[in-house]
Amino acid sequence: MPKSSDIQITGSIPSEWLEEILPILLQRFSNVLLVDDSEFLCTIMSTFFQLEGFTTSTALDGNEAIKAFQKEIPDIAFIDLVMPNLSGLEVAKTVRLSDNPKIPVLVALSGRDDEEYRRKAAMAGFDHFLVKPIDPAALRGFLASLVIDSKG
């Protein structure tokens with residue numbers, strides 16, 4: 001598996017900065033759960049995180065997501081809001097009502113960027129909201145913001 005320094009970094013984040021924060025990210029958020037009814041998106045995002053050194057698991061609907069959370073609580077989960085069987089909103093509510101002492105960071109994924117979706121996601125227990133499609137530079141920027149926000 002390549003190291004972060006072997007991967008070409010693009011976008012607005014300087015590679016030196018990413019090299020400084022990547023170890024912090026890997027320490028805090030090493031276990032990533034990706035939940036989306038698009039197998040293609042799960043594969044792309046999983047590959048992105050694995051190339052950066054994260055451990056990933058995927059679920060293709062809300063029911064699979066609940067089973068994944070029951071098996072192992074991730075450090076951070078990226079969850080599509082609109083899925084068959086059980087919505088991402090219901091998954092987040094279920095996770096937040098759990099009595100498990102480990103509290104994951106929940107990131108809502110949506111193809112819609114409107115205030116109603118953001119409000120519903122926040123009410124369900126999501127910590128963050130990202131709009132799809134997500135390019136690698138934007139995802140790196142988001143991950144870097146998690147480190148910066150926790151420092152300050």
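The numbers here are math on the coordinates, done by the rules we state, and not lab data. As the structure is a prediction and not an experimental result, all values here were calculated from the model. Backbone-built Cβ (ideal geometry, glycine too); neighbour counts: all protein chains shown.
Dividing the mean sequence gap of close Cα pairs (under 8 Å, 6+ apart) by how many residues the chain holds gives a relative contact order of 23 percent. According to the Kirkwood relation over distinct C-alpha pairs, the hydrodynamic radius of the chain is 15.7 Å. Within the chain, the longest segment free of exposed loop sites, counting trypsin sites (Lys or Arg not before Pro) that fall outside DSSP classes H, G, I, E and B and have at most 12 other Cβ atoms within 10 Å, spans 4-101. For the range 31-151, the tally of Lys pairs with Cα-Cα distances below 20 Å comes to 7, considering only residues 8 or more apart or on different chains. Per residue of the chain, the DSSP helices (runs of n ≥ 4 H) give a summed -39500 (n - 2.57) that works out to -15000 deg cm²/dmol at 222 nm. The charge dipole of the range 53-152, taken about its Cα centre with unit charges on the Cβ of Lys, Arg, Asp and Glu (plus for the first two, minus for the last two), comes to roughly 160 debye. What shape does the range 37-94 take by its C-alpha gyration tensor, where a ≥ b ≥ c are the square roots of the eigenvalues and a/c under 1.5 counts as rounded, a/b above b/c as prolate, and the rest as oblate? Taking the square roots of the gyration eigenvalues as a ≥ b ≥ c, the range 37-94 is oblate. Loop-located GluC sites (Glu not before Pro) across the range 58-152 with a Cβ neighbour count of 15 or fewer within 10 Å are GLU72, with loop assigned by DSSP. The ratio of the alpha-carbon radius of gyration of the range 106-152 to the globular-protein estimate 2.2 N^0.38 Å is 1.20.
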